[in-house]
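Data first, discussion second: the structure below is written as structure tokens.
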């Protein structure tokens with residue numbers, strides 16, 4: 001992980017086991033101070049046993065959940081591009097998505113389905129989910145997330161076309177506000193060949209089918 005808040009493993013003896021911590025202590029300390037103030041403002045006692053370490057834990061959680069800011073999705077793709085004369089659709093579907101709504105800083109989660117048609121180069125299959133994570137692990141809106149994944153693959157691989165469909169549940173809609181627990185948001189973005197109905201329909205059929 002290439003993250004300014006990520007440091008090499010340090011070992012610390014704690015409660016009889018060796019704890020490995022990968023977070024920048026200065027960043028964690030600063031974020032934790034603010035969360036201690038938030039607990040006070042909410043009427044909680046920050047010195048209560050159950051929440052004594054909550055500010056630090058939340059700081060570490062947020063640092064992990066937003067580590068995508070320090071990743072380069074294009075570099076991820078470039079690290080495993082291979083010349084290959086394959087010109088049919090490549091689909092990677094059911095990729096788990098976990099992100100944070102930038103409006104309320106509550107999670108949204110679901111699945112991404114990605115396809116591209118190579119134009120002289122293919123990419124290592126694991127790099128597609130890594131690109132999804134690199135963009136998702138930021139404060140996001142689903143619409144922008146969908147476009148960013150599409151644009152990154154198109155601009156880096158330069159394929160004949162790219163198709164992206166994302167389906168997510170948003171906790172900002174289910175546990176607050178309108179409180180609709182069963183709503184699912186679907187977004188899509190296409191380039192090149194996927195702008196044509198025949199290619200797009202093939203992609204949508206493939207991600208809907210259960211072949212395994």
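In table form, for the structure just shown:
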{"read-out": "Residue check for residue 56: more than 26 Å from residue 97 (Cα to Cα) and either modelled with pLDDT of 95 or more or in contact with a strand residue (DSSP E or B) (Cβ under 8 Å, 6 or more places away or on another chain) (or both)", "value": "no"}
{"read-out": "Unmet criterion (only one of (1) exposed (fewer than 14 other Cβ atoms within 10 Å of the Cβ); (2) touching a residue at least 60 places away in the same chain (Cβ under 8 Å)) for residue 84", "value": "(2)"}
{"read-out": "Test: residue 113 is crowded, with 20+ Cβ neighbours inside 10 Å, touching a residue at least 12 places away in the same chain (Cβ under 8 Å) and touching a strand residue (DSSP E or B) at 6+ places or on another chain (Cβ under 9 Å)", "value": "yes"}
{"read-out": "Residue count for the stretch 95-108, restricted to those that are surrounded by 15 or more Cβ atoms within 10 Å (Cβ to Cβ) and either assigned to a strand (DSSP E or B) or out of contact with any helix residue (DSSP H, G or I) (no Cβ under 6 Å at 6 or more places or on another chain) (or both)", "value": "7"}
{"read-out": "Residues being surrounded by 13 or more Cβ atoms within 10 Å (Cβ to Cβ) and assigned to a helix (DSSP H, G or I) - total across the stretch 34-48", "value": "4"}
{"read-out": "Counted residues, the stretch 49-72 - those being surrounded by 15 or more Cβ atoms within 10 Å (Cβ to Cβ) and in a loop (DSSP other than H, G, I, E, B)", "value": "2"}
{"read-out": "Check on residue 165, under 23 Å from residue 100 (Cα atoms), in the same structural domain as residue 99 (by TED's automatic domain parsing), crowded, with 19+ Cβ neighbours inside 10 Å and modelled with pLDDT of 95 or more", "value": "yes"}
{"read-out": "Candidates 76, 122, filtered to the one that is surrounded by 15 or more Cβ atoms within 10 Å (Cβ to Cβ) and assigned to a strand (DSSP E or B)", "value": "122"}
{"read-out": "So residue 93, is it closer than 22 Å to residue 193 by Cα and touching a residue at least 60 places away in the same chain (Cβ under 8 Å)", "value": "yes"}
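The values are calculated or read from the model by the stated rules, or taken from the named source; none is laboratory data. Just so it is clear, the model here is predicted, and its values are computed rather than measured. Neighbour counts run over all protein chains shown; Cβ positions are idealised from the backbone, glycine included.
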